[in-house]
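Down below is the structure, laid out as structure tokens.
The values are calculated or read from the model by the stated rules, or taken from the named source; none is laboratory data. Given the structure is predicted, the values throughout are model-derived calculations rather than measurements. Ideal geometry is used to build each Cβ from the backbone, glycine not excepted, and the neighbour counts take in all protein chains shown. Accessible surface areas use protein heavy atoms only, side chains included; no ligands, DNA or RNA. Shrake-Rupley method; radii C 1.70, N 1.55, O 1.52, S 1.80 Å.
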Number of protein chains: 2
Amino acid sequence: MYKFVMPEVIFGSGSIYQAGECCKRLGARHVLVVTDRGVMDAGWTDPVLESCRKAGLAATLFHEVSVNPTDVEAAACAETYKESGCDAIIAVGGGSAIDSGKAAAALVANGGHIRDYEGVDRILSPLPPLVMVPTTAGSGSEVSQFSVIVDSVRQKKMTIVSKSLVPDIAVIDPDVLATKSARLTATTGLDVITHAIESFVSIAATPMTDVQAKNALALAARFLRPSVASKYNKEAKEKMAMASLQAGLAFSNAILGAAHAMSHTIGGRFPFLHGDINAVLLPHVMEFNLIACPEKFREVALLMGENVTRLSDREAGEKAIQSVKKLAVDIGAPLTLAEMGFHASAIPEISEIALTDACMITNPRDISAAEVAALLTRALA
Amino acid sequence: MYKFVMPEVIFGSGSIYQAGECCKRLGARHVLVVTDRGVMDAGWTDPVLESCRKAGLAATLFHEVSVNPTDVEAAACAETYKESGCDAIIAVGGGSAIDSGKAAAALVANGGHIRDYEGVDRILSPLPPLVMVPTTAGSGSEVSQFSVIVDSVRQKKMTIVSKSLVPDIAVIDPDVLATKSARLTATTGLDVITHAIESFVSIAATPMTDVQAKNALALAARFLRPSVASKYNKEAKEKMAMASLQAGLAFSNAILGAAHAMSHTIGGRFPFLHGDINAVLLPHVMEFNLIACPEKFREVALLMGENVTRLSDREAGEKAIQSVKKLAVDIGAPLTLAEMGFHASAIPEISEIALTDACMITNPRDISAAEVAALLTRALA
């Protein structure tokens, strides 16, 4: 027996102009718009604010969100919400803005510190209306029951999982992807690939999540390279937006695995991009997981567009790993943790903490701290 | 730009015992359980009532639902809800019980006659919590924004489409399918096939609905025959439950076509089974629609398991039509309207009324009353 939940989705060119109307439909009168400087500079906060005005809603802006958003920022965001008398939240941005919006919503409805909600199903009171406008084709947070927030004291990314965190409406406008740099397109796209593969091999995968994961992987494998290649390839942007959405639906309901558990831990300590860490870790984690479900890794190879005729499942799985590595090379992603500035000295502590991340529970192969450390060592250089 | 909405889904063996708890989670205290005699006799109302007791909820039973449920029944159901002081609805049954539960919910929250809500988006006030427990692997109504109710004055099935009609939670337990007769399994399964094909070729189809429609069709094409063949084939039951769910998600968001528009009209006048009418009409409608999107009908053939190598799209589409006919023959469905008791004299009036059904709008080929009449004549014998 399993569950599948998702928000209402509005998808398509120009949908960003619907954000305000969506909030109004949910009963809002004064919206907190959560975003970051990069999104503001790219000009995507304006159409959201304009849509609020057109819907007759008051709007207050909160833009103090960093790349790996923290408990302190979430608390400040919640404070702004309360001080301004807001009754709904629109987040416009990547996973950072959306996860901050969710965390602030959890705080205004439930009080306390965001640390109180770390883990699974600890948010009890329902949240205010949440409308999410993703701008990166990466995090999938616009449809997921996840929020990942840095605990600034423990320097650790907390994974908060709760059905309450599923937004009410996800407004996905592929046009916003045209302002992304190739670098950002690559790193967020590799996050999509990691979501799709980890949720597909997750021990919590179901027929409903498999459908989404497989479609997401096939789309991303085909359209990530052309999307990195050109800002103006509209088809590639639209397909990557759909891949991100479907991968989000998959991992929201099937959870993830060791790559994300380790990536959250590293991202809590070092200012690296989430997608970069995933890109480096993913092939190593796939190698480790291969014996758990070679037949699933064969499907991964197929979905990546590889020819696996006459190969055993094991050999096909190895081809899937090579395929992921080739993709990272093609789009200029970092290939080792060392080149990102990660040092071997951090490995023992990172390994211990990674074991406690909620994503580790659904990894298809049981893993020890020593095995995590071995994977990190292999990923180092 | 398009929308996609679906309820929370709970899927799997034994999930029927969660129905009460689901209602409690939505804030209910006194549930109206809507069902019909056949479902009660099969014993599936009991676990739902028991789950309400276990969740500490009061429960009132309403079982006056007929095969093609009417406005009069819906009004009586709403009356029972109000008289008993209910605050939530669980429907357990096929499309008849679920559509009645939805119609009653619309009435208790919005007043008036159910006729007032015929067409698209006419229900304004939000409905009470709705938990749907389908028992047929057919209607898909447990996840859809549709309710189809007979107007007893006009002797016409009204198609009511509104996002408010999407239930809160669909509880899908494949175990309940073990008590269905082969006859009922066949007719409801052909409804699933019709949902999948009509939503796939609908002019409102989107990448999100295509994913669901294609999976539904592939599953139903493979597992409907074995499901009809044996009550005890658990795998076939589970796959048909999933096919029904996915076809429901597809047509709820992409709407249907001429087969359903005509089937609703005939079903409002004659006491035929909905799936039977669809089964007879579908190949004729496919033939008519073939020129609108032959490449999509090629995919239909592929999903039905046909070999279309070296065939043109048009030829492959013809193979799809043959494949649907073969399936109907194999599982003993009626093949003509005449054998069901339909007379040519009804054709002119049925043709006019069918044109006004909401499902006609998304048919991939424009259609006139004369063309509907020609299709009905061809389907007659």
(request) Quick one: what are the phi-derived ³J(HN,Hα) couplings along the stretch B:348-357, Karplus 6.51/-1.76/1.60 with θ = phi - 60°, whole Hz, x for glycine and proline? (result) x, 5, 4, 5, 5, 5, 4, 4, 8, 6
(request) Compare A:L127, A:L190, A:L327 in a GNM of chain A, Cα atoms joined below 10 Å, and give the one with the largest fluctuation. (result) A:L327
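What average count of beta carbons from other chains do you get within 10 Å of the Cβ of residues in A:209-216?
On the way: counts 0, 1, 6, 2, 0, 2, 6, 0.
Counting Cβ atoms of other protein chains within 10 Å of each residue's Cβ and averaging gives 2.
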(request) Could you check how much of the accessible area of the protein assembly as shown is carbon and sulfur, as a whole percent, using a 1.4 Å probe? (result) 53 percent
(message) Show me the trypsin sites (Lys or Arg not before Pro) within the stretch A:218-289 that DSSP assigns to loop and that have at most 16 other Cβ atoms within 10 Å of their Cβ.
(response) A:K231
(message) What does the charge count around B:C359 come to, taking other residues whose C-beta lies under 12 Å from its C-beta (Lys +1, Arg +1, Asp -1, Glu -1)?
(response) -1
(message) Return the Rg/Rh ratio of the stretch B:180-380 with Cα-based radii and a Kirkwood Rh.
(response) 0.95
(message) Suppose only helical runs count, i.e. DSSP H with n ≥ 4. What mean residue ellipticity at 222 nm does that imply for chain B under -39500 (n - 2.57) per run, divided by all residues and rounded to the nearest 500 deg cm²/dmol?
(response) -16000 deg cm²/dmol
(request) Report, for B:S13, each distance to the same residue's label point in the other copies, shortest first and in nm; define the point 7 Å along Cα→Cβ. (result) 5.0
(message) Let me confirm one metric for peptide B:3-16, namely the mean number of other chain beta-carbon atoms within 10 Å of its residues' beta-carbons.
(response) 5
(message) Using the alpha carbons of the protein assembly as shown, what is the convex hull volume per residue in cubic angstrom, as a whole number?
(response) 153 Å³
(request) Please give the average number of partner chain Cβ atoms lying within 10 Å of the Cβ of each residue in A:165-171, rounded to a whole number. (result) 1
(request) In nm to one decimal, list the spacings between the A:P226 label point and its equivalents in the other copies, with label points set 7 Å along Cα to Cβ, shortest first. (result) 3.8
(message) With the label 7 angstrom out along Cα to Cβ, how close does B:A75 come to the same site in each of the other copies, in nm, nearest first?
(response) 6.1
(request) Take the Cα coordinates of the stretch A:8-176, assign each an equal point scatterer, and use the Debye formula without solvent to give log10 I(q)/I(0) at q = 0.08, 0.10, 0.16, 0.21 Å⁻¹. (result) -0.19, -0.30, -0.80, -1.44
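Express the Stokes-Einstein translational diffusion coefficient of chain A in µm² s⁻¹, to the nearest whole number, given a Kirkwood radius over alpha-carbon pairs, 20 °C and a viscosity of 1.002 mPa s. Mind showing how you got there, number by number?
Numbers: Rh = 20.4 Å.
It diffuses with D of about 105 µm²/s by this estimate.
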